[in-house]
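Trainee: Sharing a structure here in structure tokens format.
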Amino acid sequence: MSEHRTGAPGQVKEVTSLANPLVKDIKALALKKFRDQQNAFMAEGLKLVIDALDLGWSIKTLVFAKAGLGNPTIEKVAARTVAAGGTVLEVSEKVLSAITRRDNPQMVVGVFSQRYLPLKDVRPRDGDVWVALDRVRDPGNLGTVIRTVDAVGAKGIILVGETTDPFSVETVRATMGSVFAVPVARATTEAFLAWRKGFPGLVAGTHLKGAVDYRSVDFSGRPVLLLMGNEQQGLPDSLAESCDRLLRIPQAGRADSLNLAVATGVMLFEIRRGALTLGAEGNA
């Protein structure tokens, strides 16, 4: 990596000590307080870092293991980081394990600036699908929903009320990189309800008291907002009343409800069934 050292003196730093202030700052990103203070978050893995750079995310720091020296793909990412004004840290495996809290860490970690989409900029058009999640608590659920939104070609997610952090390490891991492809907005319940009044399409929520089978609704030809409730309590009355349709997913077994991420996935694929050419055309 000598060309990067000479091309950008001081930009590539070799770090072997856990006491290094740069390492301490990155380790602190495990806590929401410090993520918010630094307006930053961590993503693990070379593919994720490349995807994020390709999608225009702002990289603050690239961390890579010494074993990555000489890897042309890693060197290219390091050069892109320096060109973007970021810092590159070449670290020992001990430091990388401490940063990721993993015994067998990925060889590359990127620290990126957080990015939220302002709610006022969510302007759905015909065929667009958005998902609103009320007080989602579990980072695995949120990450899986973000990944599913990406997979079905929905437009983005609106987090309503006090939710888990989309930029936590656990959430980012569960998105498998989709955190960089899916716009995320956030709003208080009051701000969301005010915005919803101007929503130009169908607002559908799932509810245990929903009278309509989710498979019987025509979702095509208009924007759709899918509103999903909290894991424990479902949709509160204020949000349920804002829905045009309250839907249910019939269950045949003893369980009376589905996991939030699974239910959201079932709904999204049904909503997109008419709009997406899944099947033969999609596999052509």
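The values are calculated or read from the model by the stated rules, or taken from the named source; none is laboratory data. Just so we're clear, the structure is a prediction, and the values are computed from it rather than from any experiment. As a convention, Cβ positions derive from the backbone with ideal geometry for all residues, glycine included, and neighbour counts pool all protein chains shown.
Trainee: Quick check on region 242-265. Is at least one of its residues of a type in the set (Val, Ile, Thr) and under 30 Å from Glu44 (Cα atoms)? If you could, list the steps in order and put the result at the bottom.
Mentor: So the first thing to find is which residues in region 242-265 are of a type in the set (Val, Ile, Thr), and the list is 249, 262, 264.
With the extra rule that they be under 30 Å from Glu44 (Cα atoms), the set shrinks to 262, 264.
Yes, some residue in region 242-265 is of a type in the set (Val, Ile, Thr) and under 30 Å from Glu44 (Cα atoms).
Trainee: Could you check, for region 185-194, whether at least one of its residues is at pLDDT 95 or above and within 20 Å of Val152 (Cβ to Cβ)?
Mentor: Looking only at region 185-194, we keep the residues that are at pLDDT 95 or above, and these are 185-194.
Subsequent filtering for residues that are within 20 Å of Val152 (Cβ to Cβ) retains 185.
The answer is yes; a qualifying residue exists.
To keep it simple, each residue is scored yes or no on (1) in contact with a Lys or Arg (Cβ under 8 Å, 6 or more places away or on another chain); (2) assigned by TED's automatic domain parsing to the domain that holds Leu258.
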site	(1), (2)
Val108	no, no
Thr163	yes, yes
Val172	no, yes
Thr189	no, yes
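Table: residues versus (1) assigned by TED's automatic domain parsing to the domain that holds Ser220; (2) assigned to a loop (DSSP other than H, G, I, E, B); (3) in contact (Cβ under 8 Å) with a residue 12 or more places away in the chain.
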position	(1), (2), (3)
Thr61	no, no, yes
Val77	no, no, yes
Arg80	no, no, yes
Leu96	no, no, yes
Arg137	yes, yes, yes
Thr144	yes, no, yes
Arg147	yes, no, yes
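Trainee: Just wondering, is there one or more residues in region 222-229 that are at pLDDT 95 or above and of a type in the set (Lys, Arg)?
Mentor: No, there is no match, as no residue in region 222-229 is at pLDDT 95 or above and of a type in the set (Lys, Arg).
Trainee: A follow-up question, please. How do the pairs read when you match residues in region 212-241 that are touching a residue at least 40 places away in the same chain (Cβ under 8 Å) with residues anywhere that are aromatic (Phe, Trp, Tyr), using Cβ under 6 Å and keeping only pairs 6 or more apart or on different chains?
Mentor: Leu225/Trp130; Leu225/Phe199
Trainee: In region 91-110, is there at least one residue being touching a Phe, Trp or Tyr at 6+ places or on another chain (Cβ under 8 Å) and surrounded by fewer than 19 Cβ atoms within 10 Å (Cβ to Cβ)?
Mentor: yes
Trainee: Just to verify a result, which residue in region 224-259, among those that are in contact with a Phe, Trp or Tyr (Cβ under 6 Å, 6 or more places away or on another chain) and closer than 19 Å to Phe199 by Cα, is surrounded by the most Cβ atoms within 10 Å (Cβ to Cβ)? Explain how you work it out, then say what you get.
Mentor: Quick first cut of region 224-259, residues in contact with a Phe, Trp or Tyr (Cβ under 6 Å, 6 or more places away or on another chain) only: 225, 247, 249.
Add one more test, that the residue is closer than 19 Å to Phe199 by Cα, and what stays is 225, 247.
Numbers: Leu225: 24, Leu247: 20.
Among those that are in contact with a Phe, Trp or Tyr (Cβ under 6 Å, 6 or more places away or on another chain) and closer than 19 Å to Phe199 by Cα, it is Leu225.
Trainee: Which residue out of Ala43, Ala98, Ala83, Ala52 is over 23 Å from Phe167 (Cβ atoms) and hydrophobic (A, V, I, L, M, F, W, C)?
Mentor: Working: Ala43 fails: over 23 Å from Phe167 (Cβ atoms); Ala98 fails: over 23 Å from Phe167 (Cβ atoms); Ala52 fails: over 23 Å from Phe167 (Cβ atoms).
After ruling out the rest, the residue left standing is Ala83.
Trainee: Looking for something assigned to a strand (DSSP E or B) and at pLDDT below 95 - is there at least one such residue anywhere in region 65-72? Spell out the reasoning first.
Mentor: Step one: list which residues in region 65-72 are assigned to a strand (DSSP E or B), which gives 65.
From what is left, the residues that are at pLDDT below 95 are 65.
Yes.
Trainee: Before we move on, is Asp121 among the charged types (D, E, K, R), touching a helix residue (DSSP H, G or I) at 6+ places or on another chain (Cβ under 9 Å) and under 17 Å from Val182 (Cα atoms)?
Mentor: For Asp121, the condition - among the charged types (D, E, K, R), touching a helix residue (DSSP H, G or I) at 6+ places or on another chain (Cβ under 9 Å) and under 17 Å from Val182 (Cα atoms) - is not met.
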